Amino acid sequence: MFFKNLISLIKPARKKTDHIEALDQKLVFNVHKKFVPRMRQMKYARLFLSLSEKIWLGIGVVLFIIGFSWWSSQFVGSHRIDTPATGGTYREGIIGSPQHFNPLYASLSAVDAAVSKLVFSGIMRYDSNGQLINDIAESVEVNENKTTYKIKLKNNVTFHDSTPLTAHDVAFTITLIQNNEVKSPLKGQFFNVKTEVTDDHNITLTLEEPFEHFQHTLTFGILAKHIWSEIEETQINASTLNITPIGSGPYTFSELSTNESEGVSTVRLVRNENYHRQPAHIETIEIKSASTNAQILDLFLKQEIDGLGALTGEEIDRIGSKRANQYVFAAPEYTGIFFNQLLNTSLKRQAVRDALSLAINKQHIIDDILKGRAQVAHSPLIEGMPGYIAGEHTTNIEQAITKLDEDNWERISSEEFLNAQVDIELERWIEDFKTDNAENEERESAEPTDEEIEFTRGEITTQIGAALDTLQPYFRKRNNSYLEINLSHVATDDAQAIAEELKAAWRSLGAHVTLTPIPAQLLERETLKSHAYEALLVGVVLGNNPDPYPLWYDAGNENRTTLARFVDRNLDDLLEAARNTKDKSKREKLYEQFQEFILKKKPAIVLYNPTYQYAVHNRVMGVTQGRIVTPIDRFADIENWFIKSKKQWSW
């Protein structure tokens, strides 16, 4: 009816004579001088409006309708918002292979650490800003000497099998960590820590000596005593419970499957509806693991996963911003080269380590290989940590060469080096030949004949000659030792490119450098445990705990958490004193001395502080970008992530 009346306003009225129209108007005004016409009377307005007035009135009405519609849509849009709803599946790809979801071992693998983070809860945890806060702890009281920690647990925490989590579970987990038979890499953090359970919700941890950062060690996942107490300590590492975990975290373990043809394993986790904090919105999480970056990226590009991290510059470009939201996390982490002086005696010489350091152009690595995804670093501590000193580094090839010359490393030709290598390998072959033929009755002697020796020499010469770098101008020799270094690195594109850069730099000094790429799962599972490397290019995650003790103390023992293999009691004394002192200013001074030792002695060379690049599909919402302590802390606020949403009014 409204539009009918509106049209009637614009529609020309039948003409009336002028005097009749004037009389009608006069009559109306005399009767209703201030009367506003009703809607049904609007159709008579055409009798009183000119054609131009009718047109402007029509335009005004149309504009009003358009404006009201726009305002209505804006009002609804601003007051009806997407809010998280339960449901959906988030799939993430990680390099590695699943082995131990048990938090006692999970820190050795990125895959295991991610699953463990989602399945287990700790006494403390890090929030999305990298701040240490309570997790299952209701409160933590620390005495003035920082040797006694009274912990009160929340009373609403249960394991995934509905069994209440108590202080007995906490004490049991710590006892397992301390047990030599269990062989947990966390053991070094709990030396001389005593546990005393007061009741189901209260436990006291007592340290023999004060440890400033002890609370940061309390983020480990808690094991269920009623499950694990039935396993012998010597069998815990090999138990199937390691890959069928029961924890108290935001997600429960569902299944582990492997696609043998594609080389991809999938861990499926399901939302824990009884989580002691806010239950997560996303119903299911799948952690897909493969052995290479290329496989993980391919899964993402084929839309078989929604998120992936530790991205290279090339991978970031291929993913693009249309397909995924990209996040950059600052993390307390550094990448460096760790020398094993116990396997390579040439690395025991200070002049060699100094020369290797001087030959490295750190900024070039960051600019050309990492594409700016890192900052130059020199210190084994992170800026902002107590006692941090920036240090300095100079790239000077000429000075590096001079140091080796002054240390009596003579230059030898490629031919002389080749002949020496052939002699060494031939001697090994002869010894092996004797052993293999010691009981061979078909031979007159276990000794190889001259013809066999010469034939083998030719084969060895061809093999070694093909492997030698033809671009290397000369090699180095000191007494009977040759300057040779085998550099091991994780088998990723970035690490390979950096290793090649280091090889080229050291080659210019006369060092013979070979590279050994190691699959991520083997690096974590075997190489780090056995220290089977001469030099190792690897990243080190410090977390929010700046205590360098676990990584550097007593580097000559068999502690698998130490990376640089050397023996120096002065360094051990520094670290021990820093850990035990109650005086903050004294601790900072000791940490400064520790860094000065590393910068001067160079048992390792710190290269850079990386940033953690993380990409998540646009359909996943609620992800926040902040500061992470370790890469797995990207899940710190996983309960706020969501895929499904619903509309709600917001005022």
Given (1) buried (at least 17 other Cβ atoms within 10 Å of the Cβ); (2) more than 27 Å from ARG507 (Cβ to Cβ); (3) out of contact with any Lys or Arg (no Cβ under 9 Å at 6 or more places or on another chain), number of the condition LEU311 does not satisfy:
(3)
Of the conditions (1) in the same structural domain as ALA604 (by TED's automatic domain parsing); (2) surrounded by 19 or more Cβ atoms within 10 Å (Cβ to Cβ), GLN375 clears all except one; give me its number.
(2)
With the condition kept exactly as written, say whether any residue in the stretch 534-544 is assigned to a loop (DSSP other than H, G, I, E, B) and modelled with pLDDT of 90 or more.
yes
Extreme residue, surrounded by the fewest Cβ atoms within 10 Å (Cβ to Cβ), among residues of the stretch 323-363 that are among the basic types (Lys, Arg) and under 29 Å from the mean Cα position of the chain (by Cα):
ARG323
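Give LEU358, LEU347 a once-over and let me know the one that is in contact with a helix residue (DSSP H, G or I) (Cβ under 9 Å, 6 or more places away or on another chain), free of Cβ contacts under 8 Å to residues at least 60 places away in the same chain and more than 17 Å from VAL538 (Cα to Cα). Explain how you work it out, then say what you get.
Numbers: LEU347 fails: free of Cβ contacts under 8 Å to residues at least 60 places away in the same chain.
Criteria check complete, one pass: LEU358.
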Is it the case that the stretch 146-157 has a residue that's under 21 Å from ASN102 (Cα atoms), assigned by TED's automatic domain parsing to the domain that holds VAL270, in contact with a Leu (Cβ under 7 Å, 6 or more places away or on another chain) and crowded, with 16+ Cβ neighbours inside 10 Å?
yes
For the subset of the stretch 158-196 comprising residues that are free of Cβ contacts under 8 Å to residues at least 24 places away in the same chain and among the basic types (Lys, Arg), which member is surrounded by the fewest Cβ atoms within 10 Å (Cβ to Cβ)?
LYS194
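Answer yes or no as to whether ALA505 is without any contact (Cβ under 8 Å) to a residue 40 or more places away in the chain, out of contact with any Lys or Arg (no Cβ under 8 Å at 6 or more places or on another chain), among the aliphatic types (A, V, I, L, M) and under 26 Å from SER414 (Cβ atoms). Reasoning before the result, please.
Values: without any contact (Cβ under 8 Å) to a residue 40 or more places away in the chain: no; out of contact with any Lys or Arg (no Cβ under 8 Å at 6 or more places or on another chain): yes; among the aliphatic types (A, V, I, L, M): yes; under 26 Å from SER414 (Cβ atoms): yes.
Spelling it out, it is not the case that ALA505 is without any contact (Cβ under 8 Å) to a residue 40 or more places away in the chain, out of contact with any Lys or Arg (no Cβ under 8 Å at 6 or more places or on another chain), among the aliphatic types (A, V, I, L, M) and under 26 Å from SER414 (Cβ atoms).
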In the stretch 125-154, which residue that is at pLDDT 95 or above and polar (S, T, N, Q) is farthest from the chain's Cα centre (by Cα)?
THR148
So in the stretch 545-556, with the set limited to residues that are in contact with a helix residue (DSSP H, G or I) (Cβ under 7 Å, 6 or more places away or on another chain) and at pLDDT below 75, which one is surrounded by the most Cβ atoms within 10 Å (Cβ to Cβ)?
ASN545
Kindly check whether there is at least one residue in the stretch 199-212 that is under 24 Å from ALA113 (Cα atoms) and under 28 Å from the mean Cα position of the chain (by Cα).
no
Which residues, counting only those in the stretch 563-602, are closer than 12 Å to TYR553 by Cβ, part of a helix (DSSP H, G or I) and hydrophobic (A, V, I, L, M, F, W, C)?
LEU571, LEU574, LEU575, ALA577, ALA578, PHE594
Scanning the stretch 95-124 residue by residue, the ones that are farther than 19 Å from PRO245 by Cα and either at pLDDT 95 or above or assigned to a loop (DSSP other than H, G, I, E, B) (or both) total 1
Looking at the stretch 294-322, I want the residues that are within 23 Å of ASP368 (Cβ to Cβ) and have a partner that is part of a loop (DSSP other than H, G, I, E, B) with Cβ atoms under 7 Å, at least 6 apart or on another chain. Which pairs are those?
GLY313/LEU370; GLY313/LYS371; GLY313/ARG373
Any residue in the stretch 234-246 that is more than 19 Å from ASP169 (Cα to Cα) sitting within a Cβ distance under 7 Å of a residue that is of a type outside the set (S, T, N, Q) and modelled with pLDDT of 95 or more? List the pairs, counting only those 6 or more apart or interchain.
ILE243/PHE101; ILE243/LEU256
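Residues are listed down the side, and each one gets a yes or a no for (1) modelled with pLDDT of 80 or more; (2) in contact with a helix residue (DSSP H, G or I) (Cβ under 9 Å, 6 or more places away or on another chain); (3) among the hydroxyl-bearing types (Ser, Thr, Tyr):
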position: ASP407; (1), (2), (3): yes, yes, no
position: GLU442; (1), (2), (3): no, no, no
position: ILE460; (1), (2), (3): yes, yes, no
position: GLN463; (1), (2), (3): yes, yes, no
position: SER481; (1), (2), (3): yes, yes, yes
position: LEU487; (1), (2), (3): yes, yes, no
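Looking at PRO279, is it outside any helix (DSSP H, G or I), touching a strand residue (DSSP E or B) at 6+ places or on another chain (Cβ under 9 Å) and surrounded by 16 or more Cβ atoms within 10 Å (Cβ to Cβ)?
Details: outside any helix (DSSP H, G or I): yes; touching a strand residue (DSSP E or B) at 6+ places or on another chain (Cβ under 9 Å): yes; surrounded by 16 or more Cβ atoms within 10 Å (Cβ to Cβ): no.
Answer is no for this residue.
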Here is a list: ASN559, ASN580, ASN640. Which entry is surrounded by fewer than 18 Cβ atoms within 10 Å (Cβ to Cβ), closer than 30 Å to GLN74 by Cα and either out of contact with any Lys or Arg (no Cβ under 7 Å at 6 or more places or on another chain) or modelled with pLDDT under 85 (or both)?
ASN640
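Kindly establish whether GLY93 is farther than 23 Å from THR292 by Cβ, in contact with a Lys or Arg (Cβ under 6 Å, 6 or more places away or on another chain) and in contact (Cβ under 8 Å) with a residue 24 or more places away in the chain.
On the way: farther than 23 Å from THR292 by Cβ: no; in contact with a Lys or Arg (Cβ under 6 Å, 6 or more places away or on another chain): yes; in contact (Cβ under 8 Å) with a residue 24 or more places away in the chain: yes.
No: the conditions fail for GLY93.
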For the stretch 588-611, indicate whether the set of residues that are modelled with pLDDT under 90, farther than 30 Å from PHE190 by Cβ and not acidic (Asp, Glu) is non-empty.
yes
Quick test of your reading of the structure: THR492 fulfils all but one of (1) in contact (Cβ under 8 Å) with a residue 24 or more places away in the chain; (2) more than 27 Å from LEU108 (Cβ to Cβ). Name the failing condition by number.
(2)
Enumeration of residues in the stretch 480-489 that are in contact (Cβ under 8 Å) with a residue 12 or more places away in the chain, exposed (fewer than 15 other Cβ atoms within 10 Å of the Cβ) and of a type outside the set (Ser, Thr, Tyr):
none
Matching residues in the stretch 611-651 - criterion: being in contact with a Gly (Cβ under 8 Å, 6 or more places away or on another chain), farther than 25 Å from LEU218 by Cβ, among the hydroxyl-bearing types (Ser, Thr, Tyr) and in a loop (DSSP other than H, G, I, E, B)
none
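The values are calculated or read from the model by the stated rules, or taken from the named source; none is laboratory data. Given the structure is predicted, the values throughout are model-derived calculations rather than measurements. With ideal geometry, Cβ positions are generated from the backbone for all residues, glycine too; neighbour counts draw on all protein chains shown.
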